[in-house]
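Take a look at the structure set out below.
The values are calculated or read from the model by the stated rules, or taken from the named source; none is laboratory data. Every value quoted in this text rests on a predicted model; they were computed, and no experiment measured them. Ideal geometry is used to build each Cβ from the backbone, glycine not excepted, and the neighbour counts take in all protein chains shown.
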Amino acid sequence: MFWYGHGMHGWGWVVMSLGTLLFWALIITVGVLLFRALARPTPRGVEHGAWQPAPGSGAEQILAERYARGEIDDEEYHRRLATLRGSSAGPSRPSGPPGR
């Protein structure tokens, strides 16, 4: 019922040509993206799979930045820095239950 002879006529050639172009464009795009991902140089600080954080990205650095911006005062800065470093050099907490 829908057979109009043998071969492709009219829009069939256009659709087939566009399909082939899209197929090859997809293959080339995947190849280029794969090449770019594999050829990317290793980030700084990463050698042989050993990842190290960038300098200045730790908690002490964030604390120092907050202090420099004036978000925390001198006492709070030193107390939190002592806490981060694990020493008891910060201000002592009152012993006993609150309210006495």
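Residue selection: R93 fails the criterion of being surrounded by fewer than 10 Cβ atoms within 10 Å (Cβ to Cβ), at pLDDT 60 or above and part of a loop (DSSP other than H, G, I, E, B). Total residues in the range 46-77 satisfying the condition of being modelled with pLDDT of 85 or more, in a loop (DSSP other than H, G, I, E, B) and of a type in the set (V, I, T): the figure is 1.
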